[in-house]
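Working notes, structure below.
The values are calculated or read from the model by the stated rules, or taken from the named source; none is laboratory data. Quantities reported herein were computed from a predicted structural model and do not represent experimental measurements. Because the Cβ atoms are built from the backbone with ideal geometry, glycine has one as well, and the counts that use them run over all protein chains shown. When the accessible area is computed, the model is the full protein with side chains, heavy atoms only, and any ligands, DNA or RNA have been set aside. Shrake-Rupley method; radii C 1.70, N 1.55, O 1.52, S 1.80 Å.
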Amino acid sequence: MSIILYDIPSTSRGYSVSPNTWRIRYCLNIKGIPYTTEWVEFPDIVPLYKKLGVAPTAKKLDGSGPHPTLPMIYDPSTNTYIPDSLAIAEYLESQYPEAPQVFPHNTGGLIQAFSDMFLLRVVEARNLLTWNIFAKLNPASIGYYREVREKALGVKMEELVPDDQLVAELDRLKAILGKIDELYAKNGGKGPYIMGDVPSWADILVASVVVVFRVSYGDGSEIWKKIVSWNEGRWGILVDDMKRYE
């Protein structure tokens, strides 16, 4: 039996707009570990945890908890459910050591330091990212997502990115990715990944955010064309190269 990945669907059939679940889809495919996807709408996540008897490890957006979230995997070889993307990645590294590693060459500490920095920066693009996730959810998830996010953020979803603020929000995203580009540039031009030609958890994190905008806006949209033009096309090259792991 193969691993089960619990993922959140979108109106783009077969694709998610959750950066968190994208991380594990990329991770499983890089490792070449067989898996199947079970699509779970947002309101069904809490009942899923209760049905499976899994204790949530995440906290609610306001810092209280616990809060059931996805991704989660089930590994039948160990009869184990693992929630949280980083915990899943670390589990897969230890449980399947013969598979390609996403923390290669004992770089786990360095990659985690990069990851922490990236996640702190990408929070600055929270409004744009949240709106693009919301815009692609199925009807079954829209009401739940709206209620939870509006309560946490204190604004209506439609107020996150008003039409007259879209350019400013895109500029904010461009500035964030520009800082990340400075680190990628240190690989000496040896490949699309931060370590050159070897994909790692760092690349998974970045691609998992950028790909949401491709799914949300569409490959042919002017906004996506703009995003992939930044930093001499680095993000388009990264996401295109990661397509084999989608």
Out of all the residues in the stretch 71-92, which are open to solvent by less than 10 Å² (accessible area, probe 1.4 Å), closer than 13 Å to Arg23 by Cβ and out of contact with any Lys or Arg (no Cβ under 9 Å at 6 or more places or on another chain)?
Met72, Ile73
Output for the stretch 19-46, where each listed residue is within 22 Å of Phe103 (Cα to Cα), open to solvent by less than 50 Å² (accessible area, probe 1.4 Å), out of contact with any strand residue (DSSP E or B) (no Cβ under 6 Å at 6 or more places or on another chain) and of a type outside the set (A, V, I, L, M, F, W, C)
Pro19, Arg23, Arg25, Tyr26, Asn29, Lys31
Restricting attention to the stretch 87-120, the residues that are among the aliphatic types (A, V, I, L, M), free of Cβ contacts under 8 Å to residues at least 40 places away in the same chain and within 30 Å of Lys50 (Cβ to Cβ) number exactly 1
Suppose we filter Asp164, Asp241, Asp181, Asp171 for residues that are in contact with a Pro (Cβ under 8 Å, 6 or more places away or on another chain), in a helix (DSSP H, G or I), of a type in the set (D, E, K, R) and on the phi < 0 side of the Ramachandran plot; which single one remains?
Asp241
Within the stretch 34-47, is even one residue closer than 28 Å to Lys243 by Cβ and touching a residue at least 60 places away in the same chain (Cβ under 8 Å)?
yes
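Of Glu150, Glu159, which residue is open to solvent by 60 Å² or more (accessible area, probe 1.4 Å) and more than 20 Å from the chain's Cα centre (by Cα)? Before the answer, list the steps.
Numbers: Glu150 fails: open to solvent by 60 Å² or more (accessible area, probe 1.4 Å).
Just a single option satisfies the conditions, and that option is Glu159.
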Being touching a residue at least 40 places away in the same chain (Cβ under 8 Å), aliphatic (A, V, I, L, M) and either in contact with a Gly (Cβ under 9 Å, 6 or more places away or on another chain) or open to solvent by 40 Å² or more (accessible area, probe 1.4 Å) (or both) is the filter here, so list the residues in the stretch 210-229 that pass it.
Ile227
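Of all the residues that make up the stretch 89-125, how many are part of a helix (DSSP H, G or I), of a type outside the set (Gly, Ala, Ser) and within 23 Å of Ile194 (Cβ to Cβ)? Walk me through it before giving the result.
Initial filter on the stretch 89-125 (part of a helix (DSSP H, G or I)): 89-95, 104-106, 108-125.
Going one step further and asking which of them are of a type outside the set (Gly, Ala, Ser), we end up with 90-93, 95, 104-106, 110-112, 114, 116-124.
Subset that is within 23 Å of Ile194 (Cβ to Cβ): 90-93, 104-106, 110-112, 114, 116-124.
So the answer is 20.
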Which ones in the stretch 171-209 are open to solvent by less than 10 Å² (accessible area, probe 1.4 Å) and not β-branched (Val, Ile, Thr)?
Leu173, Leu177, Tyr184, Tyr193, Gly196, Ser200, Trp201, Ala202, Asp203, Leu205, Ala207, Ser208
